[in-house]
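Values quoted throughout were computed directly from the atomic coordinates according to the rules given, and no laboratory measurement underlies them. Quick caveat: nothing in here was measured; it's all calculated off a predicted structure. Virtual Cβ from ideal backbone geometry, glycine too; neighbours counted across all protein chains shown.
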Amino acid sequence: MENFRHEIGKKEYAIEPKTADFSFKDHLGKAFLAALYYIFVYIPFILPFLIWGKAASRISAVWDSKAIAYDENKAKYPLYLFYFNYIINFLFDAYILLAWPLGLLFVIFLIVSNIHNINVVQGIIIPLIEVYASVVIIRFAKETLFFIINNLISWIFEVIINIGKFIKNLWLLNFVFRRKDCTKSTDKPFQKIDLTDL
């Protein structure tokens, strides 16, 4: 958590990089190529496939290692640990992996069931775009959950721990003041006893 705060505090993310002055010879061609590549090639085609491929490789690794398993001998709370690993390390990737094939089957079903009065745009093109973009949306949801778990929840636990420490220190401080009051009440000056009175 401290590293995250230090990183956020030191590095600004929403800034424009500093560049040299514009030159037609050096910048114009590259700028057009970059704009066309990232808007029309990388974002719509390469990025979703990269997300889908990485999800497939992670699921394959889980299958090889059998990392998600219920085992009462290796954890104090095995059921919680199982579902935590299932949701965090498997479920989102499984949705990403199955989004394209199941979505394609769903679109085919829609086309076949409405073959006579289907609207090409609303019945075919838009559902295909939604299915294709679903892997990016699921990945956004996964990273949002990761952010909440890694930062907000850990911050909440840290606040709870600090509150507990604060209460403990208040109790110790109160105990010290009480001891001082007790010692003051018992520290009376020495009185001389007259033996003739006995």
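Maximal additional length on extending the ASN73-PHE24 stretch stands at 10.9 nm, based on 0.36 nm per residue less the C-alpha distance.
Taking all pairs of distinct Cα atoms, average 1/r, flip it, and tell me the Kirkwood hydrodynamic radius of the range 29-162 in Å to one decimal place. Mind showing how you got there, number by number?
Details: mean 1/r = 0.0552 Å⁻¹.
Here the Kirkwood hydrodynamic radius works out to 18.1 Å.
Residues within the reach of a label modelled at LEU47 (point 7 angstrom out along Cα to beta-carbon, backbone nitrogen below 20 Å), restricted to the range 139-157, are 139-147.
Which order do the peptides 67-76, 97-106 take when ranked by the mean count of other beta-carbon atoms within 10 Å per residue, highest first? Before the final figure, lay out each step's value.
Details: 67-76: 10.4, 97-106: 14.9.
Taking the mean over residues of other Cβ atoms within 10 Å, the ranking is 97-106, 67-76.
Protection proxy ranking for 152-163, 54-65, using the average of other Cβ atoms within 10 Å per residue and placing the highest first: 54-65, 152-163.
Here the relative contact order of the range 29-162, from alpha carbon pairs under 8 Å that lie six or more residues apart, stands at 27 percent. Approximating the spin labels as points 7 Å out from Cα along Cα→Cβ, the ILE148-to-GLU16 distance works out to 3.6 nm. Dipole check for the range 29-162: with +1 at the C-beta of Lys and Arg, -1 at the C-beta of Asp and Glu, and the Cα centre as origin, the magnitude is about 220 Debye.
Listed values for the range 51-68 are Karplus-derived 3J(HN,Hα) couplings in whole Hz (6.51 cos²θ - 1.76 cosθ + 1.60, θ = phi - 60°), namely 4, 5, x, 5, 5, 5, 5, 5, 5, 4, 5, 4, 5, 5, 8, 6, 5, 9, and x replaces Gly and Pro.
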